[in-house]
1. Hey, can you tell me all the residues within segment 104-135 that are near the ligand (Cβ under 10 Å from one of its atoms) and on the phi < 0 side of the Ramachandran plot?
2. Could you count how many residues in segment 74-115 are in contact (Cβ under 8 Å) with a residue 12 or more places away in the chain and outside any helix (DSSP H, G or I)?
3. I'm trying to understand the selection: among the residues of segment 47-71, which are modelled with pLDDT under 95 and assigned to a loop (DSSP other than H, G, I, E, B)?
4. Take residue 205 and decide whether it is in contact with a helix residue (DSSP H, G or I) (Cβ under 8 Å, 6 or more places away or on another chain) and not assigned by TED's automatic domain parsing to the domain that holds residue 24.
5. Taking the condition of being within 14 Å of the ligand (Cβ to nearest atom) and in a helix (DSSP H, G or I), how many residues in segment 139-155 meet it?
Ligand SMILES: C[S@@+](CC[C@H](N)C(=O)[O-])C[C@H]1O[C@@H](n2cnc3c(N)ncnc32)[C@H](O)[C@@H]1O
């Protein structure tokens, strides 16, 4: 079978299986490309219709095993192939950490244009998981120093692998920390995609999400406990003209309602995504007692 015909066939089988997308792609055809190209180590820039080669029996056998896992166990492709793409960079990805998908990627690619006035010297990626946000920043800003912090040793081990993969160990450090507790530095920019999903929402998530560590998703108090804790402390770890950018996803409405008096700057994304806001260090200081 020609490779491009096989890609079409896989897309059709994915579509028939009524899967959930949202871990790197949003439709069966792109999901098919993600799976087949990753397994066969093809360049994603190649147009599948122009690839003039047959798929071998061995390749097909391997892909069929993974496709069955995608369809029957609902395992996201990123975990099946062990890698995910974020802000244009490839990251190692496995069940120790959430699959990278934060819209913060778009801000990194744009160099945080309109949000910061000068190139940052030091960035914190708080709740870093496999380290995609902080490492992508280190790749975008060649002189920046980055701390990656997470409470999970498993996540930090994966982050170390990604630091090595991108050869940024001289500028990126992984720190084991319960939020800010083990951190002593101050930063120009704190980027954070913390857990923010309330229990009732976790219970109703599609099966794909059950493959991800719940500790990366769940936050008590309508999803707001961890985001509010971060808001209370962040100013102590920012320079006076620093900025916090935090994702709270679908908990944005709950946070906006809780903090109705506070001018959270909700960011817009051309490439999709929502629920990310910015607050300056000065605002964090001014409203610190209201983050409850
Ligand atoms: C939504 S995931 C984000 C992962 C990564 N930043 C990304 O965007 O793909 C949230 C991360 O927060 C970490 N986490 C949960 N509670 C934490 C805490 N108290 N302190 C530090 N990290 C925490 C989890 O281990 C998980 O890796």
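The values are calculated or read from the model by the stated rules, or taken from the named source; none is laboratory data. Everything quoted here is computed from the prediction, not taken from an experiment. Ideal geometry is used to build each Cβ from the backbone, glycine not excepted, and the neighbour counts take in all protein chains shown.
1. Hits for segment 104-135 are 104, 105, 125, 126, 128, 130, 132, 133, 134.
2. Result for segment 74-115: 28.
3. Selection gives 47, 51, 52, 53.
4. Numbers: in contact with a helix residue (DSSP H, G or I) (Cβ under 8 Å, 6 or more places away or on another chain): no; not assigned by TED's automatic domain parsing to the domain that holds residue 24: yes.
When the stated conditions are applied, residue 205 does not pass them.
5. 3
Yes/no matrix, rows are residues, columns are (1) within 30 Å of residue 25 (Cα to Cα); (2) in a strand (DSSP E or B):
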{"site": "236", "(1), (2)": "no, no"}
{"site": "240", "(1), (2)": "no, yes"}
{"site": "246", "(1), (2)": "yes, yes"}
{"site": "251", "(1), (2)": "yes, no"}
{"site": "261", "(1), (2)": "no, no"}
{"site": "270", "(1), (2)": "yes, no"}
{"site": "273", "(1), (2)": "yes, no"}
{"site": "277", "(1), (2)": "yes, yes"}
{"site": "282", "(1), (2)": "no, no"}
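Yes or no, residue by residue, for (1) crowded, with 17+ Cβ neighbours inside 10 Å; (2) farther than 25 Å from residue 214 by Cβ:
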{"site": "29", "(1), (2)": "no, yes"}
{"site": "48", "(1), (2)": "yes, yes"}
{"site": "61", "(1), (2)": "no, yes"}
{"site": "85", "(1), (2)": "yes, no"}
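This table checks each residue for (1) free of Cβ contacts under 8 Å to residues at least 60 places away in the same chain; (2) within 17 Å of the chain's Cα centre (by Cα); (3) assigned to a helix (DSSP H, G or I); (4) on the phi > 0 side of the Ramachandran plot.
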residue	(1), (2), (3), (4)
208	no, yes, yes, no
222	yes, no, no, yes
227	yes, yes, yes, no
230	no, no, yes, no
